[in-house]
Structure formats: C-alpha cells, structure tokens
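Shown next, in structure tokens, is the structure this report addresses.
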Amino acid sequence: MLVVSDLERARLALESRIRNCQLMMRDERESLSEALGVGRRVDLQAVKMQAGASLRHNFDAQRAVLELASVYRKLESARAELARLSARKRAVELLREQQREAFEREQDRRETRELDEISVMRYTRDEEGQVA
C-alpha cells in the first residue's frame, strides 16, 4: 500500500512538473513572438536566450514524460500486486470465518448432547425416585 501511495505522489509531482514546463514554454514562446514582432528592433542575444530557455523547458518536459511513463508502469504493477494481496487476505478471512462457524456449530452440538444426557439422567433419577 505504501508503494502505491509513494508512486501516486511521484506521479502527481511529475504531472505538475510537466504542466509547469508547458506553461514556461508558452510564456517563452509569447515573449519570443513579442521580441520578433513586426516593426521592432530585434535583440538577437535576447531572442537566442529565450529560444534556449524554451528548448530547456521542452527537454525538461520530455524527460519528465519519460519518468512519468516509468512511474505509470511501476504503479500498474504495484496496483496489480495490491489487488492480488487483497484477494489473498480476503480468502484467508473467509477461511477463518468458516472455521469459526464450524467451531461454533460443534460447540452447539456438544452442548445439545450434554443437555440431552443431563435430561436423560434427570428423567432416570426421577423415575427411580418414584418407583422407590
């Protein structure tokens, strides 16, 4: 269970990282569009830096996507293991419940036999007392 929650936490962090990279790439693209606007003087150094920043965010997003794919595979495996263990636990619980019910039935049978025997003994004693 802890493995699944750790993987879920990693998945959420990676998805957030990817969203942030996408936002940063969009911002860089908008800044680049403004810098390259018609009728404006172009600062090539700034344009080059913005393009590099956009590429870096793109690379970070691609790396996060690959990590996320790995986390998804591990998460799928962990969930399958959790389901398998849950089924085994349920099977053990059912067996334990069946054994308890069988024990209680046996106890009821013993108690009934003992009560029958006590009734027979009392009847026999009462019959012998009436004869004497």
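How much of the calculated P(r) for the range 23-132 lies past 19 Å, in percent of all Cα pairs? Every Cα pair in the range 23-132 considered, those over 19 Å come to 75 percent. Post the alpha-carbon centroid distance, the range 25-42 to the range 64-113, in whole angstrom. Distance between centres, Cα-based: 60 Å. The angle separating the long axis of helix 44-131 from the principal Cα axis of greatest extent in the chain is about 0 degrees. The label-point distance for E8 and L94, in a model that sets each label 7 Å from Cα toward Cβ, rounds to 2.6 nm.
Per residue, the average separation of C-alpha pairs within less than 8 Å and at least 6 apart gives the chain a relative contact order of 31 percent. Helices in the chain, meaning DSSP H runs of at least 4 residues, each add -39500 (n - 2.57). Divided by all residues, the mean residue ellipticity at 222 nm is -35000 deg cm²/dmol.
Throughout, read-outs are computed from the coordinates displayed, never taken from laboratory work. This structure is a prediction, so every number in the text was calculated from the model and none was measured. All Cβ positions, glycine included, derive from the backbone under ideal geometry; neighbour counts span all protein chains shown.
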